[in-house]
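Student: Can you keep this structure in mind? I'll have questions shortly.
The values are calculated or read from the model by the stated rules, or taken from the named source; none is laboratory data. Computed from a prediction, not measured in an experiment: that's the story for all the values here. Glycine gets a Cβ as well: all are built from the backbone with ideal geometry, and neighbour counts include every protein chain shown. Ligands, DNA and RNA are excluded from the accessible area calculation, which covers all protein heavy atoms including side chains. Shrake-Rupley method; radii C 1.70, N 1.55, O 1.52, S 1.80 Å.
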Amino acid sequence: MLIRRLSYHERPLYSRHLQRLSEDDRRRRFTRAGVDDAWIETHVAAIAETDLILVACRRDEVIGAAHLAVDSTSGIAELGLSVDSDQRASGLGSELLRQAVVFARNRGVDRLMTLCLSDNRSMVALARRAGMNVAFHPGEAEAHLDLPPPDALTLSQEWSAGLFAVFHDWASLIERYQGLITQAATEGDWAEKE
């Protein structure tokens, strides 16, 4: 399964992923009730271009995502994580979180934090497995992870993931347009023979 950075022009894929979440999953993801499709569209449209959205894709469908909002002035990044219900308990959330940590470190983030509802047991467990310190407040849980500076390993991990994504995207593009490429090559051979 490919985990890659989502391009700005691909944000509708992220919207569709969030809109597939159940009402309860939306409440847990956004720590509020009443999150409808229109609210999600507005939310995604307001995400800064500098924010990082990592996605796990199956073909052209986002099945999991990590939204990392980096505040460069404070050195803190806030993480929002979502995974399609049929993909949970597969390790996908852990992998998205692991890669979000790599991206955050490579951007000089000192601290990663996430906020969730205290009844979001899977997110609390995921945060604890990742070594985050979790503090409970009435109705909410806040998790923090202090991050070391980037190193050669984190830089190579991001570079490798990006390179893999580029090769995968290129291969998908060629596969998608194979007929046109073959037709153009055939017509080119025919034109050269005349």
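Student: Within the stretch 28-42, track down each residue that is closer than 15 Å to THR114 by Cα and either under 19 Å from the mean Cα position of the chain (by Cα) or open to solvent by less than 70 Å² (accessible area, probe 1.4 Å) (or both).
Tutor: Within the stretch 28-42, the first condition is being closer than 15 Å to THR114 by Cα, and the residues that meet it are 28-32.
Once the filter is applied, which keeps residues that are closer than 15 Å to THR114 by Cα and either under 19 Å from the mean Cα position of the chain (by Cα) or open to solvent by less than 70 Å² (accessible area, probe 1.4 Å) (or both), the stretch 28-42 yields ARG28, ARG29, PHE30, THR31.
Student: From the list ALA45, ALA69, ALA56, exactly one residue is open to solvent by 20 Å² or more (accessible area, probe 1.4 Å) and under 15 Å from the mean Cα position of the chain (by Cα). Which is it? Give the derivation first.
Tutor: On the way: ALA45 fails: under 15 Å from the mean Cα position of the chain (by Cα); ALA56 fails: open to solvent by 20 Å² or more (accessible area, probe 1.4 Å).
Just a single option satisfies the conditions, and that option is ALA69.
Student: Could we say that LEU115 is within 19 Å of THR31 (Cβ to Cβ), open to solvent by less than 30 Å² (accessible area, probe 1.4 Å) and either touching a residue at least 40 places away in the same chain (Cβ under 8 Å) or in a helix (DSSP H, G or I) (or both) here?
Tutor: So LEU115 does not fit the description; no.
Student: Return the residues of the stretch 4-24 that are open to solvent by 20 Å² or more (accessible area, probe 1.4 Å), farther than 12 Å from VAL44 by Cβ and not basic (Lys, Arg); say none if nothing qualifies.
Tutor: Selection gives SER7, HIS9, SER22, GLU23, ASP24.
Student: Given (1) open to solvent by 50 Å² or more (accessible area, probe 1.4 Å); (2) modelled with pLDDT of 90 or more; (3) over 22 Å from ASP24 (Cα atoms), identify the lone condition not met by LEU145.
Tutor: Among (1) open to solvent by 50 Å² or more (accessible area, probe 1.4 Å); (2) modelled with pLDDT of 90 or more; (3) over 22 Å from ASP24 (Cα atoms), the lone unmet condition for LEU145 is (1).
Student: I'm checking my understanding of the structure. Among residues of the stretch 72-91 that are modelled with pLDDT under 90 and either of a type in the set (S, T, N, Q) or assigned to a strand (DSSP E or B) (or both), which one is most open to solvent (accessible area, probe 1.4 Å)?
Tutor: THR73
Student: Shifting gears a bit: Among the candidates ALA165, ALA161, ALA171, single out the residue that is closer than 27 Å to VAL124 by Cβ and either open to solvent by less than 100 Å² (accessible area, probe 1.4 Å) or modelled with pLDDT under 65 (or both).
Tutor: Values: ALA165 fails: closer than 27 Å to VAL124 by Cβ; ALA171 fails: closer than 27 Å to VAL124 by Cβ.
Being closer than 27 Å to VAL124 by Cβ and either open to solvent by less than 100 Å² (accessible area, probe 1.4 Å) or modelled with pLDDT under 65 (or both) holds for just one of ALA165, ALA161, ALA171, which is ALA161.
Student: Here is a further query. Would you check which residues across the stretch 119-129 are open to solvent by 40 Å² or more (accessible area, probe 1.4 Å) and not in a helix (DSSP H, G or I) and list them?
Tutor: If the condition is that a residue be open to solvent by 40 Å² or more (accessible area, probe 1.4 Å) and not in a helix (DSSP H, G or I), then ASP119 is the only one that fits.
Student: In the list SER7, SER94, which residue meets the criterion of being within 15 Å of the chain's Cα centre (by Cα), over 22 Å from ARG129 (Cα atoms), at pLDDT below 95 and not aliphatic (A, V, I, L, M)?
Tutor: Working: SER94 fails: over 22 Å from ARG129 (Cα atoms).
Result of the check over SER7, SER94: SER7.
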